[in-house]
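Novice: Structure provided below as structure tokens; questions to follow.
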Amino acid sequence: MAGNDHNDSKCCFQEWMSLQEQDLGELVESLTLRANNNVSDEEESLNQLTEKSIKYFQEYIDKRTELAHKDVSSLFVPTWCSTLENSLLWIAGCKPSAFVRLVYALCGSQIESRITEFLQGVRRGNLGELTSRQLVMIDNLHGKIIEGEEILTTQLASLQEHIVDQPIAVLSKGLSKVGEANGEVEQALDQHEKGMVISILKEADKLRLGTHTELIDILTPVQAVDFLATSKKLHLNLHQWGKIRDNKHGRDI
């Protein structure tokens, strides 16, 4: 049964990555064709793409939460991810504040690459053209996200420290053989993992999804598609780069 739970979680991730790749193709195509589209039709089409992307994210989170009730520990150190990816994980995923930092990075790079055009009055509507109002809203969101991350990080540390409290530490001391399991041990560990799902993982995923949604609400349709395309491409590239690096060191995933 445990083996099936692990395989289900691995398949869930692989399906998500395939969907990310498919979604990326649609987002990039929409940006490429944007100049040839009618403005009103274009905005409607871009909004549909961002709504679909959020819907996919919600469905992935719901599926992962369901699987986490069976085997949450594997989601915190997934064997289907590279060691590079695992070194970057924060509560079984990326830090929500990373989404905001990505927007800032794209804004800066696009301003630098098109500074001459910008001074000439050429406007492309991308992330290099964030308004002062948008920047204030993003900065406020960033502060709120960091506060949420700190709360969850503290909660995770507290939950990890409970391992050396009762009842797990006391049960461990009383065992006659290392690794011995009994009903009390299984019950205590199940309770610990339940806390990982209910208290930590669900809230972290809620913060990730909320950050995504609020950022897209702040951005224009074009900027939102640009952000989503870049974030998905970065995610896919990190996965591939990590696999290549693992293979160089003799590690296969």
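Novice: For a quick check of your reading of the model, give me the residue pairs whose first member lies in region 132-148 and is farther than 17 Å from P96 by Cα, whose second is part of a helix (DSSP H, G or I) and modelled with pLDDT of 95 or more, with beta-carbon atoms closer than 7 Å and at least 6 apart or on different chains.
Specialist: If the second residue must be part of a helix (DSSP H, G or I) and modelled with pLDDT of 95 or more, the pairs left are Q134/I218.
Novice: Among the helices (runs of 4 or more DSSP H) confined wholly to region 148-253, which include 2 or more residues that are basic (K, R), at pLDDT 80 or above and within 30 Å of T50 (Cβ to Cβ)?
Specialist: On the way: elements: 168-174, 183-195, 202-218, 221-248.
Output list reads 202-218, 221-248.
Novice: A further question on this structure: What is the number of the single condition among (1) touching a Phe, Trp or Tyr at 6+ places or on another chain (Cβ under 6 Å); (2) at pLDDT below 95 that E66 does not meet?
Specialist: (1)
Novice: Can you list the helices (runs of 4 or more DSSP H) lying wholly within region 31-106 that have 3 or more residues being surrounded by 19 or more Cβ atoms within 10 Å (Cβ to Cβ) and in contact (Cβ under 8 Å) with a residue 40 or more places away in the chain?
Specialist: It comes to 39-71.
Novice: Taking the residues in region 123-132 that are touching a helix residue (DSSP H, G or I) at 6+ places or on another chain (Cβ under 9 Å) and in a helix (DSSP H, G or I) as candidates, determine which candidate is surrounded by the fewest Cβ atoms within 10 Å (Cβ to Cβ).
Specialist: Out of the qualifying residues, it is E129.
Novice: Now, a different point. Only one of these is in contact (Cβ under 8 Å) with a residue 40 or more places away in the chain and open to solvent by 20 Å² or more (accessible area, probe 1.4 Å): H235, H192. Name it.
Specialist: Values: H192 fails: in contact (Cβ under 8 Å) with a residue 40 or more places away in the chain.
So the residue among H235, H192 that is in contact (Cβ under 8 Å) with a residue 40 or more places away in the chain and open to solvent by 20 Å² or more (accessible area, probe 1.4 Å) is H235.
Novice: Also: Using the structure shown, decide if Y60 is at pLDDT below 95, over 30 Å from G250 (Cα atoms) and not aliphatic (A, V, I, L, M). Please lay out each step first, then the result.
Specialist: Values: at pLDDT below 95: no; over 30 Å from G250 (Cα atoms): yes; not aliphatic (A, V, I, L, M): yes.
Answer is no for this residue.
The values are calculated or read from the model by the stated rules, or taken from the named source; none is laboratory data. Model, not experiment: these values are computed from the prediction. Cβ: placed from backbone, ideal geometry, glycine included. Neighbour counts: every protein chain shown. Just the protein is used for accessible areas: all its heavy atoms, side chains included, with ligands, DNA and RNA removed. Shrake-Rupley method; radii C 1.70, N 1.55, O 1.52, S 1.80 Å.
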